[in-house]
Amino acid sequence: MNLNKDSKKLLSEFDAYTSPHAKMAEALKELKEEVMADENINILLVVGPSGVGKSKLAEIFIEEILDSMEEEMIKDTSFIPITGIELPNPDLGNFNWKDFYYRVLLSLNEPLVDRKTNVNRGVRNNDRYVNEGRKSTVGDLRRSLERAIYHRRTRAIIIDEAQHFFRLKTGKAVAEQFNSIKSLANMSGAKIILFGTYDLISIMNLDGQLSRRVEEIHFPRYDLNNEKDVEDFINILYTFQRKLPVEKPPDLLSERKYIYEKSLGCVGILKTWLQKSLRETIKNGEETITLESLRKTSMNHTKLLTLFKEIVVGEEIFKESKSDAIELKKMLGVENLEDKPNKRKGNNNPGKRKPNRDEV
Ligand SMILES: Nc1ncnc2c1ncn2[C@@H]1O[C@H](COP(=O)(O)OP(=O)(O)OP(=O)(O)O)[C@@H](O)[C@H]1O
Ligand SMILES: [Mg+2]
């Protein structure tokens, strides 16, 4: 059965619906704080499981920043406070910098992007970025991008699927790749926010020099070993239950164990699943989403297991880095620097003798 206009509308409304939830709110808050922070660190990593909702978070973050800067943007139409791109999956070892610069330039709405060249050599006036039709080199595009970021006063650039930067053969190549990103951030003055899978953290941890220069933000799944997560996950089910455009509200809460098992506590996986199930339900003219339709449209166990194994490894990296921090502090003896009553001041009651002084 084909879907009629009304059904299509219902489906697209649900597709567009964003459910606010605790883990996303926490990651968003942390991200805002880090972007606003005036520290030297100008590369941020936002990592989490596949399907947790990282791209959604990036989208919301961009929207919020644009909303908050709307007035300023109306006053100065060249101002673009934030932009974002998604990295395509490159051939192994073949990251294309030209393509990358080109994409970011496009995202900044730069006119004449395919004819850009070194502005110092280019023709001035209105088409000051054009150089008599010569094809741009990587260096040309890079310089144009730095200038565009400067002129647009762009403060943050989001790069989604950022693990694709590092699909390279050698550790040295990874470090070089990172240095190029770092220098783009330094030269342009924009913070670069890399969104991606846990692989990003393992890459940074390979090299102490790299990890020193980045701040990590974790966007984790809901974990049933944590009481608050259980409560929050149930709240999400409740929210989706109310939002699903079906005649009779489905009883997702009663199926919570099954739903958790098949979503791994990741809201993006859950949403995609509910979208599929809703489509089935509407197509079949059923009044609500049933367990049967959930079963039919769920992800298979093999895929889920692969994803879950990646999550376990990723979470372990975060746990380790926490325990490493504790160990480091201990080894350094940092607690010795804590505020202690100042011994040198000695007796607070001058004239009064200490009771244990005299031998009896
Ligand atoms: N809070 C949310 N409310 C509604 N829909 C959401 C929410 N979070 C994610 N989604 C939707 O779930 C799907 C998967 O989420 P998303 O693509 O953001 O995950 P991801 O972590 O980026 O995954 P990947 O690692 O595969 O890129 C998308 O269609 C997204 O719009
Ligand atoms: Mg994504």
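Structure notes:
- Check on GLU261, acidic (Asp, Glu), modelled with pLDDT of 85 or more and assigned to a helix (DSSP H, G or I): yes
- A Cβ distance below 6 Å, combined with a sequence gap of six or more or placement on separate chains, defines the contacts here; from the range 147-165, residues that are within 16 Å of ligand 1 (Cβ to nearest atom) reach residues that are among the hydroxyl-bearing types (Ser, Thr, Tyr) and modelled with pLDDT under 95 in the pairs GLN163/THR197.
Every residue, every condition in (1) open to solvent by 40 Å² or more (accessible area, probe 1.4 Å); (2) in contact with a helix residue (DSSP H, G or I) (Cβ under 7 Å, 6 or more places away or on another chain); (3) at pLDDT below 95; (4) within 13 Å of ligand 2 (Cβ to nearest atom), yes or no:
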| position | (1), (2), (3), (4) |
| --- | --- |
| GLY51 | no, yes, no, yes |
| LYS54 | no, no, no, yes |
| ALA58 | no, no, no, yes |
| GLU70 | yes, no, yes, no |
| MET73 | yes, no, yes, no |
| PHE79 | no, yes, yes, no |
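- Taken together, LYS8, LYS32 contain a single residue that is away from ligand 1 (no atom under 16 Å from the Cβ), farther than 25 Å from GLY265 by Cβ, outside the structural domain of ILE149 (by TED's automatic domain parsing) and open to solvent by 40 Å² or more (accessible area, probe 1.4 Å), which is LYS8.
The values are calculated or read from the model by the stated rules, or taken from the named source; none is laboratory data. Fair warning: this is a prediction, and the values are worked out from it, not measured in the lab. Cβ sites come from the backbone with ideal geometry, for glycine too, and all protein chains shown count toward neighbours. Please note that ligands, DNA and RNA were not included when accessible areas were found on the heavy atoms of the full protein model with its side chains. Shrake-Rupley method; radii C 1.70, N 1.55, O 1.52, S 1.80 Å.
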